[in-house]
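The values are calculated or read from the model by the stated rules, or taken from the named source; none is laboratory data. Quick caveat, the model's predicted, so the values are computed rather than measured. Neighbour counts run over all protein chains shown; Cβ positions are idealised from the backbone, glycine included. What goes into the accessible areas is simple: the full protein's heavy atoms, side chains included, and nothing from ligands, DNA or RNA. Shrake-Rupley method; radii C 1.70, N 1.55, O 1.52, S 1.80 Å.
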Amino acid sequence: QVQLVESGGGLVQAGGSLRLSCACSGRLCSYAAMGWHRQAPGKQRELVADITNGGTTNYADAVKGRFTISRDNAKSTVYLQMNGLKPEDTAVYYCRSRYGRNDYWGQGTQVTVSS
């Protein structure tokens with residue numbers, strides 16, 4: 001079983017920065033691919049960025065050059081550094097852990113970017 005707890009969301013002005021954290025508990029955390037997804041009101045949940053257990057990263061085009069995903073396997077934590085935030089980044093951000101065919105999700109953290 002995997003449990004994920006996100007933190008670090010909040011309200012920020014356009015151009016500002018936030019750092020999201022996702023603490024993973026469970027014996028599979030170090031082996032799992034981890035990712036951040038987001039869901040804005042009225043829209044489908046979408047991938048923001050993900051990272052393999054070996055550190056290979058992948059980003060959505062909308063966030064390339066602005067967001068950075070990283071992980072600390074010793075702390076079983078994955079981070080999302082968000083710089084140059086835009087109002088269109090406003091959404092609930094969810095942490096995801098993927099091991100084999102199993103996906104686990106956190107409860108989400110709200111990010112609101114004001115113009």
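Among the numbered conditions (1) surrounded by 14 or more Cβ atoms within 10 Å (Cβ to Cβ); (2) modelled with pLDDT under 95, the only one that residue 51 does not meet is (2).
When residue 83 is tested against (1) touching a residue at least 24 places away in the same chain (Cβ under 8 Å); (2) open to solvent by 50 Å² or more (accessible area, probe 1.4 Å); (3) under 20 Å from residue 33 (Cβ atoms), just one condition goes unmet, and that condition is (3).
Within the stretch 4-32, being modelled with pLDDT under 95 and in contact with a Lys or Arg (Cβ under 7 Å, 6 or more places away or on another chain) holds for one residue alone: 32.
Does any residue of the stretch 26-36 turn out to be within 23 Å of residue 113 (Cα to Cα) and either touching a strand residue (DSSP E or B) at 6+ places or on another chain (Cβ under 6 Å) or open to solvent by less than 50 Å² (accessible area, probe 1.4 Å) (or both)? Steps first, answer last, please.
Filtering the stretch 26-36 down to residues within 23 Å of residue 113 (Cα to Cα) leaves 35-36.
Remaining after also requiring either touching a strand residue (DSSP E or B) at 6+ places or on another chain (Cβ under 6 Å) or open to solvent by less than 50 Å² (accessible area, probe 1.4 Å) (or both): 35-36.
Within the stretch 26-36, one or more residues are within 23 Å of residue 113 (Cα to Cα) and either touching a strand residue (DSSP E or B) at 6+ places or on another chain (Cβ under 6 Å) or open to solvent by less than 50 Å² (accessible area, probe 1.4 Å) (or both).
Within the stretch 25-35, can one find any residue that is farther than 19 Å from residue 106 by Cα and either among the polar types (S, T, N, Q) or free of Cβ contacts under 8 Å to residues at least 40 places away in the same chain (or both)? Full working, then the answer.
Residues of the stretch 25-35 that are farther than 19 Å from residue 106 by Cα, as a first pass: none.
Within the stretch 25-35 (the criterion being farther than 19 Å from residue 106 by Cα and either among the polar types (S, T, N, Q) or free of Cβ contacts under 8 Å to residues at least 40 places away in the same chain (or both)), the answer is no, since none of the residues qualifies.
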